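Everything below concerns the one structure shown next.
Every number here is computed from the coordinates shown, using simple stated rules; none is lab data. Fair warning: this is a prediction, and the values are worked out from it, not measured in the lab. Positions of Cβ are generated from backbone atoms using ideal geometry, with glycine treated the same way; all protein chains shown enter the neighbour counts.
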Amino acid sequence: MILVAYKVRSTMLNKLLYMETFGCQMNVNDSERIVTMLADLGYAPTNDPAASDMILLNTCSVRGGAEEKVYRRLANLRIYKRDGKKQIIAVGGCVAQQEGEELLRKLPYLDLVIGTHNLHLLPEMVRGAERGERRSETTFIDNDQRLDLFPSIKGESRLSRFVTVMQGCDNFCSYCIVPFVRGREISRRSADILTEVRQLADDGVREVILLGQNVNSYGLKTESEPTFAELIRQVAEIDGIDRIRFTTSHPKDMSDELIACFGDVAKLSGQIHLPAQSGSDAVLKLMGRGYTRDSYLAKVHKIKTLRPDIVVTGDIIVGFPGETDADFEETLSLMEQVRYIDLFSFVYSPRPGTKAAELSDDLPRAVKMARLDRLMELQRRHTGEISQTYTGSVMSVLVEGEGKFPGQVSGKGEIGRIVNFPGDSSLIGSIVDVRIIKAYPNSFLGEL
Ligand code: 5AD
Ligand code: SF4
């Protein structure tokens, strides 16, 4: 869970918004947009739910646990609405999309349910709720209208920003709820993306993170738009933008054209997130991923050949229906071959309405957990070993703010990891060379 609370420019902030964000970067990005939209209605962010005039949970339903957490959280937060206090309680994101009106029926203290295609309605919904109106909006909207509703954030200027390039997903991996709760895939107009990046560069932003459920398939279904590789090259031409990252990628759409960018677009980051999900061909087939273990490894190999210093991160699901011990060993051996610097690993969780939910999920929980433990143990070893190799090396760091301790500043190196080092705040906004003196599991300590 992420608390999004930062300063917004507004002259009349007299109400307080408490928000919790669950799940992916897409939700973090939406939450930033919500803060900006609600600032226009006089809401300022707060970290104190008890003092707030509005509580909003921006939810995720990718895995079952996340969903139940939202229900528990709502049950806890409702205590602040007792004693006749006028406080708006709202749910947005994927659980809102999935459950819709049902949530209003189940939870009498809930005021608003905002689906994933309906954020633009939030201001009028909040105005209605201030007058006591309860409302749920979860209708998917058509593509023409969607093109004009891509989020662009007008909040306080920062050095690194997300830029949404596409939304939704048409892949229907057998385990995944995303196509159902985020809708069909749509690519944003490249002209709009480039205008936004130019504006961000003018505002002082130096790093953009191109965001979407599957950015690699950007433009593939729209003749008039460039491919993702071409889009990256166009973004790279914008003066003032020094770094480009993207997330998240589907290996099947990692084309040679896109891989080539790692060889000759100097601004492209030294880190790639390429979720494999499994190392077993049998499981990949049941997941409907559209690639094999060998073709995945071949793509990683090509990227590493072009950019030997690149680090790879990924996602793995353990305990998919029918996963045998041998399948699981294949996943561990894939990890040995790729050597991820970081890995997000999940126990398979059946999602209602997905194809995999119809498969028999009869692997005992203890087996799934034991596999997850082994996988995480291996990953800890890899993370530690890879991190150590940076000790003594020099990284180019975009300094983004104050560091962990007084007298320190902090930023990200090319590989996307946080680097803290002694320095004063005049360095914020510049890219400096920092020698790494100590590697921690998730960050580095360095010296200028
Ligand atoms: N069960 C477990 N993990 C899942 N993910 C997506 N759907 C499920 C599911 N049903 C994981 C995948 C994906 C990440 C965002 O969440 O690894 O890449
Ligand atoms: Fe889900 Fe697969 Fe689409 Fe990723 S590519 S969002 S895992 S359906």
Task: Selection of chymotrypsin sites (Phe, Trp or Tyr not before Pro), region 29-134, meeting DSSP coil and at most 16 other Cβ within 10 Å - done: Tyr109
- [ ] Grab the DSSP H runs of the chain that are 4 residues or longer, score each as -39,500 (n - 2.57), total them, divide by all residues and round the 222 nm result to the nearest 500 deg cm²/dmol.
- [x] -10000 deg cm²/dmol
Task: For region 121-237, projected area of the alpha-carbon convex hull averaged over all directions, nm² - done: 9.1 nm²
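For Thr139, Thr383, what's the fewest-to-most ordering of other Cβ within 10 Å of each Cβ? The partial results should precede the final answer.
Working: Thr139 11, Thr383 19.
With the sparsest Cβ surroundings first, the list reads Thr139, Thr383.
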Task: Simple label model, 7 Å out from Cα along Cβ direction - Ser430 to Ser396, nm - done: 1.5 nm
TODO: Treat each spin label as a single point 7 Å out from the Cα along the C-beta direction, and report the Asp192 to Lys86 distance in nm.
DONE: 3.6 nm
- [ ] Could you please state, rounded to a whole Å, how far the C-alpha centre of region 215-281 is from the C-alpha centre of region 103-131?
- [x] 36 Å
TODO: Report the GluC sites (Glu not before Pro) located in region 227-277 that are in a DSSP loop and have at most 16 other Cβ atoms inside 10 Å of their Cβ, or state none.
DONE: Glu237
Open item on the list: Taking 8 Å as the Cα distance limit and 6 or more residues as the minimum spacing, I'd like the relative contact order of the chain as a percentage.
Closed with: 9 percent
TODO: Evaluate Rg over Rh across the chain, taking Cα atoms for both radii and Kirkwood's formula for Rh.
DONE: 0.96
Open item on the list: Give me the percent relative contact order of region 293-388, please, defined on Cα pairs under 8 angstrom at least 6 residues apart.
Closed with: 34 percent
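Quick one: divide the alpha-carbon radius of gyration of region 394-447 by 2.2 N^0.38 Å and tell me what you get.
On the way: Rg = 9.4 Å, N = 54, 2.2 N^0.38 = 10.0 Å.
That works out to 0.94 for region 394-447.
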Task: region 331-374 versus region 394-426: alpha-carbon centroid distance in Å - done: 35 Å
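Loop-only trypsin sites (Lys or Arg not before Pro) in region 27-112, please: DSSP not H, G, I, E or B, and at most 10 other Cβ atoms within 10 Å. Write out the running numbers ahead of the final one.
Details: sites: Arg33, Arg63, Lys69, Arg72, Arg73, Arg78, Lys81, Arg82, Lys85, Lys86, Arg105, Lys106; in loops: Arg63, Arg82, Lys85, Lys86.
Passing both the DSSP loop test and the Cβ count: Arg82, Lys85, Lys86.
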Open item on the list: Treating region 19-123 as a set of equal point scatterers at the Cα positions, no solvent, please give the Debye-formula log₁₀ I(q)/I(0) at q = 0.11, 0.17 Å⁻¹.
Closed with: -0.30, -0.75
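By counting other Cβ atoms within 10 Å of each Cβ, how are Met166, Met26 ranked from fewest to most?
Values: Met166 27, Met26 24.
Result, fewest neighbours first: Met26, Met166.
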